[in-house]
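Following: one structure in structure tokens, then a few remarks.
The values are calculated or read from the model by the stated rules, or taken from the named source; none is laboratory data. Because the structure is predicted, anything quoted here is derived from the model rather than measured. Note: ideal-geometry Cβ built from the backbone for every residue, glycine included; neighbour counts use all protein chains shown.
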């Protein structure tokens, strides 16, 4: 069965999470230490397809992902759906750090 991600609803959920973190929990920033900067990732469609084989992991860097996305609101010409690949690890990192 197919599932549909409603982008406007997803945006509301993400906004609500960040409002909660900021207003209720009091978290306004999360620091990336050098020992936490690198992460394992599976790139491209290997992440979702062909579960019969083991994909080749790659390494990402949170500080570089942050550099890619932090100024996008000021420069919407640089914004593309592909930039979500840089945003996803940052969201996961914030969740892991704040959720502890």
- Using beta carbons and a limit of 7 Å, which pairs, at least six apart or on different chains, have the first residue in region 64-89 and in contact (Cβ under 8 Å) with a residue 12 or more places away in the chain and the second one surrounded by 11 or more Cβ atoms within 10 Å (Cβ to Cβ) and assigned to a loop (DSSP other than H, G, I, E, B)? 83/72
- Message: Tell me the residue from 27, 98 that is part of a loop (DSSP other than H, G, I, E, B), touching a residue at least 40 places away in the same chain (Cβ under 8 Å) and touching a helix residue (DSSP H, G or I) at 6+ places or on another chain (Cβ under 8 Å), please.
- Response: 27
- Query: surrounded by fewer than 12 Cβ atoms within 10 Å (Cβ to Cβ), at pLDDT 95 or above and in a loop (DSSP other than H, G, I, E, B): does that describe residue 8?
  - Reply: no
- Matching residues, region 48-70, being surrounded by 10 or more Cβ atoms within 10 Å (Cβ to Cβ), outside any helix (DSSP H, G or I) and out of contact with any strand residue (DSSP E or B) (no Cβ under 8 Å at 6 or more places or on another chain): 49, 55, 70
- Query: How many of the residues making up region 26-46 are exposed (fewer than 12 other Cβ atoms within 10 Å of the Cβ) and at pLDDT 90 or above?
  - Reply: 8
- Query: Can you pull out the residues in region 77-95 that are assigned to a helix (DSSP H, G or I), more than 8 Å from the chain's Cα centre (by Cα) and surrounded by fewer than 12 Cβ atoms within 10 Å (Cβ to Cβ)?
  - Reply: 77, 78, 81, 82
